[in-house]
Amino acid sequence: MERGDLTGAILDARYRVIEPVAQGAMGTVYRAERIKLGRIVAIKVLHDVLPHELSGRKRFEIEAMAMAKLEHPHCASVLDVGVYSDRPYVVMDFVSGENLKDLIAGGAQPIGRAVDIVRQVLSGLAHAHELGIIHRDIKPANLVLSQKTGLGDHVKILDFGLARLHDAGQNLTTGIVVGTPAYMAPEQIRGHELDGRADLYACGVLLFELLTGQKPFHSEADDPIEVCRMHLKSPIPRLADKLPGVEFGELEAIAARALAKDRNERYGSAHEFAVALDGVAGRPSRPSVPPVSPVPPSGPIQLGSRDLFAPDTSYPPPVEVRTADVIASIPDDAPGDDSAAGPVARQPRSPRARLGRRQLVVLAGAAIAVAVAAGAVLALRGRSSEPGAAPAAASTGEAGAAVDPTRDVIARATELTSQGDREAALDVLRRGRRQYPDSAVLAYSLGKLCFSKFYWSEGLKSFRDAIRSEPAYRSDPELIKTVLRGFITTPGYNDDLAGFLRDDIGSAAEPFLDETARDHPNAAIRSRAAGELRRYPGH
């Protein structure tokens, strides 16, 4: 074991370190086990040569603070933090799947798939930016792609190791810029203060690369200084120039705006960028995760065949570039960001864009559904004392005792949810639904858990099955509020969610819409609820 290797160590009597899987400039990532739960996690430990070096500690603290705030389906998040032998560490979800770099290596992707992948990245970034977190190193190597049964691609953003809190001040190392040159925005290369539009520029590069199989700016000699110079002064290439014969339509303008050298000419927010992609023909219509999502409890992506924390030797890691080395060779009349020298100017946002950002705050406490707990209460208690609560799906034996064949299913799903493994809980409930297709409580519990993951279509189908088996669920307050939360927080009007409230629930939804239209603190949400209420008979 090399000096400083923690393999075999027990951290804080909670984590057993199994093996190192990756190493970076700041620390080493280990595969480890949460001893009590037997859960595999990833632990990033600061290098032992850094603890007494101020910038190293400061960067690590910023990383931990940033990741601890992230709770979103498209962002890897922190589970725990601690210090072992004076070395700080962060415990993260262990994420596996297909690296997006490997997908791009196979060539240009279909337009619909490329657009959907970028929209999911923008969804995660919208959440991070709302919290004041800038990733600063968005690239395919930091994105993992897994497959959700019946839902297709699911993207998760890894490695917020270079992330900066927006109010954390200037660069930690004066005169040095850190990032991956192929994806760095001009203002990042120049060493200016950053905002979320630097991440949007990287998403523009990602969109370009997914659509064409090529980066917009690339040096044959892999010279990072030359690549940086191209970002600063070279004209933005057209998609069709890289892949002749393909008609990209409005994507040409979208990519060009995302790659504008002046950040004031780019999209003002991740939500605005996502909305622009909404209108692109060929985008899949699957439910997936909304473009700007509320804040759910995070959970690990199901392990796939490939370890995404494995060292990535084929892809350029973040590098330090001295600003002077780049700027010295740039002509004075080269395009640039005129606003970069002063305070960061934010573009005015449309009401729709403001809704996309504010909705994250609205649901920070409200949209976290206790997915199977309510179902468990219904199943185990058999009934509720609250008016309007739906009865449990249970039968009665000869002795009068409740005989509930779904009890074990609910208990297991509840246990997995409490451990943070909602994907496994979903699988348990789905198997239970196949075994007991007429169980209203299983359908209800699956619907709640699906909504906590923003799987609207599967959630609505499960709620409809619950109502079909037990009509009393039509007036269940928790079911109505769960669907209403989804309806008022999607960036655009969702016909499926609105139709369920109007047609499947009916008049029982009116008091909840009325209360939202009257009392909600967000004017845009009040307006949406009021407008929907007018669709009901008698309004």
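We did not get these values from a lab; they are worked out from the coordinates using the rules stated. As the structure is a prediction and not an experimental result, all values here were calculated from the model. Here Cβ is always computed from backbone atoms with ideal geometry, including for glycine, and neighbour counts include all displayed protein chains.
Quick look at the numbers
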{"read-out": "Qualifying chymotrypsin sites (Phe, Trp or Tyr not before Pro) for region 453-507 [loop in DSSP, other Cβ within 10 Å: at most 14]", "value": "Tyr493"}
{"read-out": "Across Lys44/Lys448; Lys69/Lys461; Lys215/Lys453; Lys69/Lys453; Lys69/Lys233, pairs whose alpha-carbon gap is larger than 26 Å", "value": "Lys44/Lys448; Lys69/Lys461; Lys215/Lys453; Lys69/Lys233"}
{"read-out": "Positive dipole terminus of region 400-470, leading residue within Leu460, Thr417, Leu446 (C-beta point charges)", "value": "Leu460"}
{"read-out": "Residue exposure sequence - Leu103, Leu429, Leu513 - by fewest surrounding Cβ within 10 Å", "value": "Leu103, Leu513, Leu429"}
